[in-house]
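Asks: Can you read through this structure? Questions will come right after.
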Amino acid sequence: MYTWPTHFPSQCPPEDATEISGKIFRLISRDGPKEFDFQSHYERAPGAVRTETECISRGLSVLRSYHDCEVLMDAVPALRKKLVAEANLETGTGLIGETPSGNCAGHCTWWRSVTVEEACSLFSLKASTAGAEK
């Protein structure tokens, strides 16, 4: 059903990942969603040494609610200047897995089956964060 990038390791996404459908949020560092904001850690630096697993490095960090974004931004000072982008995703755009962090129980990983360009086009800047800094 899905076509995954050739750089995904075997067993990625993991077996417990589920269909993604509905609203998700992503912290972005630009004035609006740009392709850079939707590249995985692996795509940005394929040869880098990683603290996360190889499979996690191929996915994108997303959050299930706007509140989760606030929690994470409050907990991690480096994220406080980020903006929040949101999308209402349909089945067929990838799989999602719960990957809670010590800073946010609502953290998830989205293994997108769409291109970076398509992922970027699915998100828009959340109006309440436009121009805002925490």
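The values are calculated or read from the model by the stated rules, or taken from the named source; none is laboratory data. Note that this is a predicted model, so its numbers are computed, not measured. Because the Cβ atoms are built from the backbone with ideal geometry, glycine has one as well, and the counts that use them run over all protein chains shown. These accessible areas exclude ligands, DNA and RNA; they are computed on the full protein's heavy atoms, side chains included. Shrake-Rupley method; radii C 1.70, N 1.55, O 1.52, S 1.80 Å.
Asks: All but one of (1) assigned to a loop (DSSP other than H, G, I, E, B); (2) free of Cβ contacts under 8 Å to residues at least 60 places away in the same chain hold for PRO33; which doesn't?
Replies: Result: PRO33 passes all but (2).
Asks: For residues that are open to solvent by 40 Å² or more (accessible area, probe 1.4 Å), part of a helix (DSSP H, G or I) and touching a residue at least 60 places away in the same chain (Cβ under 8 Å), tally how many sit in region 36-51.
Replies: Selection size over region 36-51: 1.
Asks: Counting only residues that are surrounded by 14 or more Cβ atoms within 10 Å (Cβ to Cβ) and either among the basic types (Lys, Arg) or more than 15 Å from the chain's Cα centre (by Cα) (or both), how many does region 8-29 have?
Replies: The total comes to 4.
Asks: Right, here's the next one. Name the pairs: first residue in region 67-81 and touching a residue at least 60 places away in the same chain (Cβ under 8 Å), second residue assigned to a helix (DSSP H, G or I), Cβ to Cβ under 8 Å, at least 6 apart or on different chains?
Replies: Once the first residue is touching a residue at least 60 places away in the same chain (Cβ under 8 Å) and sits in region 67-81, its partners that are assigned to a helix (DSSP H, G or I) give MET73/LEU79.
Asks: Just checking, how many residues over region 52-94 are open to solvent by less than 30 Å² (accessible area, probe 1.4 Å), among the small types (Gly, Ala, Ser) and touching a strand residue (DSSP E or B) at 6+ places or on another chain (Cβ under 9 Å)?
Replies: Final tally of qualifying residues: 4.
Asks: With the checklist (1) in contact with a Gly (Cβ under 7 Å, 6 or more places away or on another chain); (2) touching a residue at least 60 places away in the same chain (Cβ under 8 Å) in hand, flag the one item GLU19 doesn't pass.
Replies: Exception for GLU19: condition (1).
Asks: Going through GLU118, GLU70 one at a time, which residue ends up being under 21 Å from THR6 (Cα atoms), of a type in the set (Asp, Glu) and either in contact with a His (Cβ under 7 Å, 6 or more places away or on another chain) or not in a loop (DSSP other than H, G, I, E, B) (or both)?
Replies: Matching residue, one of GLU118, GLU70: GLU118.
Asks: Report whether or not GLY97 is of a type outside the set (Lys, Arg), in contact (Cβ under 8 Å) with a residue 60 or more places away in the chain and open to solvent by less than 60 Å² (accessible area, probe 1.4 Å).
Replies: When the stated conditions are applied, GLY97 passes them.
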